[in-house]
Amino acid sequence: MFYATQLPKVGNDLINTISTQANKLINLTKRKYRATPSKTKLLTITSGKGGVGKSTFTANIAYLLAKKGLKVGVIDADIGLANMQVLFDIKPNLTLFDYIDGKSNLEDVFIQTQYPNITLIAGKSGYQYSNHSNSLVIARIVQDIIDIEEFDIVLVDTGAGLNDYVKEFLSISSNILALTTTDPSALTDVYALVKMLSKDKSSLMLCFNHTKNYKIGESITNSLQNLALKNRLNSNFMIEYMGNVSSSKNISTTGRLRKLFVNEFESQAVTEELEFIVSSLLKILNK
């Protein structure tokens, strides 16, 4: 039976819990500026349309970067479908959002994968991010990860689309790569991304998935750039074409087996295409 005399205690407990969570969120937004820039590079990988293979692309890119001896941190920022843990075959006990909620320290959510030099900061499907929708919180979390200089490169795998959550990750990154296909609806979404980023960014890196050859992606990239100029977007905004990835049944097969394609099929053409993209990325990130 529930007695009225219990109400004050329940109320106080609830207030204390809310107060504690609020204080933790406030602490996350307090910015401590570094005297010198961090050596860690941040790359945000996104897409306008879902289903273009962004997470698989990100995981395989991480592997190739790590293979070059770079320490790579991968932040799974897709709250709708946090599947990076599937690709790396990991069942995380703690996620990035345990840190957001103040339930763990930052280092506690770093999960070493089975691949050398790759650490996963796992996401959480269905997380009620709207409860903590604050770009200062997101900016502080990513900056915290960068500031400890644990990694050479941090990859952020965002969700699909341009919802507020994705926009927050895009807003704090100067290096953004979009993965798309030649599907008209995917290209429409990419152009929407171009329109948004051109307002306060200088460039967007663009890769084409499921595209037969390099020239096709190059031609479409040039068309997007010309369309942006025609529509009088920022004339200084550049769309930088990074390369294409051909279709391969082995990519989806290895994904279902929770393995990485570039590790299982080192000599296939798709792996060579991804290696070319990684080389192009490093040239830009190391400028």
Count of region 159-173 residues which are of a type in the set (A, V, I, L, M, F, W, C) and assigned to a loop (DSSP other than H, G, I, E, B): 3
Among (1) surrounded by fewer than 20 Cβ atoms within 10 Å (Cβ to Cβ); (2) among the hydroxyl-bearing types (Ser, Thr, Tyr); (3) more than 23 Å from Pro116 (Cβ to Cβ) - the single one Thr40 does not satisfy: (3)
Candidate set: region 248-279, residues that are under 17 Å from Val72 (Cα atoms) and not acidic (Asp, Glu); chosen: the one farthest from the chain's Cα centre (by Cα): Asn263
Qualifying residue in region 139-158 (condition: open to solvent by 60 Å² or more (accessible area, probe 1.4 Å), part of a helix (DSSP H, G or I) and closer than 30 Å to Asp101 by Cβ): no
Index of the failed condition, Ser130 passing every other in (1) surrounded by 15 or more Cβ atoms within 10 Å (Cβ to Cβ); (2) assigned to a helix (DSSP H, G or I); (3) at pLDDT below 95: (1)
Contacts under 6 angstrom Cβ, first residue in region 159-184 being more than 24 Å from Ile220 (Cα to Cα), partner open to solvent by 10 Å² or more (accessible area, probe 1.4 Å) and modelled with pLDDT of 90 or more, 6 or more apart: Ser173/Leu42
Every pair of residues 6+ apart whose Cβ atoms lie under 8 Å, when the first sits in region 81-93 and is over 17 Å from Phe261 (Cα atoms) while the second is open to solvent by 60 Å² or more (accessible area, probe 1.4 Å): Leu81/Ser125; Ala82/Lys124; Ala82/Ser125
Selected residue (criterion: farthest from Leu81 (Cα to Cα)) from residues of region 107-127 that are open to solvent by 10 Å² or more (accessible area, probe 1.4 Å) and modelled with pLDDT under 90: Tyr127
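The values are calculated or read from the model by the stated rules, or taken from the named source; none is laboratory data. Here the structure is a predicted model, which means the values were calculated and not measured. No Cβ is skipped: glycine too gets one built from the backbone with ideal geometry, and neighbour counts run over all protein chains shown. When the accessible area is computed, the model is the full protein with side chains, heavy atoms only, and any ligands, DNA or RNA have been set aside. Shrake-Rupley method; radii C 1.70, N 1.55, O 1.52, S 1.80 Å.
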